[in-house]
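Participant: A single structure is presented below for examination.
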Amino acid sequence: MPNIKPISDLRNYTSVVNEVSYGNRVYLTRNGHGSCAIIDMKELDELDKQKALNQLLLKLQKAEQSVFVDGTISADELEAEPGV
């Protein structure tokens, strides 16, 4: 169950932070609407790694699709390219 608190609860910052753990985020609201979340650093690191992995996989997928659509060039053609 999500842990949702009004942002005014941050007046007692320590008690709010003590409720945060891996997999247990604290969501803060302002005027009844979601404002921000407090998340465990280990979980944040894992989310960042997952995001980077997804971006890499997307770029690899685009490159693979480019190979199928545009084909490849030979090593001689590559050497003939200016700046290579």
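The values are calculated or read from the model by the stated rules, or taken from the named source; none is laboratory data. Keep in mind that this is a model prediction, so the values were computed, not measured. FYI the Cβ positions are ideal-geometry reconstructions off the backbone, even for glycines, and counts take in every protein chain you see. Surface areas here come from the heavy atoms of the whole protein model, side chains and all, with no ligands, DNA or RNA. Shrake-Rupley method; radii C 1.70, N 1.55, O 1.52, S 1.80 Å.
Participant: Which entry is the computed Kirkwood radius over Cα pairs in Å for this structure: [x] 12.3; [y] 17.0; [z] 15.6?
Facilitator: After the calculation, the listed value that fits is [y].
Participant: For N3 and S21, calculate 0.36 nm times their separation in residues minus their Cα-Cα distance, and state this gained length in nm to one decimal.
Facilitator: On the way: separation 18, 0.36 × 18 = 6.48 nm, distance 1.12 nm.
This chain segment gains 5.4 nm when fully extended.
Participant: Whole number in Å², please: accessible area per residue of the chain, 1.4 Å probe, ligands, DNA and RNA not counted.
Facilitator: Details: 7100 Å² over 84 residues.
For the chain, the solvent-accessible area averages 85 Å² per residue.
Participant: Right, something else. Relative contact order of the chain: what whole-number percent is it, with Cα pairs under 8 angstrom and at least 6 residues apart? Kindly include the intermediate steps, with their values, before the conclusion.
Facilitator: Working: 64 pairs, mean separation 16.7, N = 84.
Relative contact order for the chain comes out at 20 percent.
Participant: Accessible area of the chain with a 1.4 Å probe: how many percent of it is carbon plus sulfur? Could you put the intermediate results ahead of the total?
Facilitator: Values: 3880 of 7100 Å².
That share works out to 55 percent.
Participant: How far is helix 41-70 tilted off the main Cα axis of the chain, in degrees rounded to 10, range 0 to 90?
Facilitator: Around 20 degrees separate the two axes.
Participant: Mark the label point 7 Å from the Cα of T72 along Cα→Cβ and return the residues of the range 48-65 whose backbone N is within less than 19 Å of it.
Facilitator: 59-65
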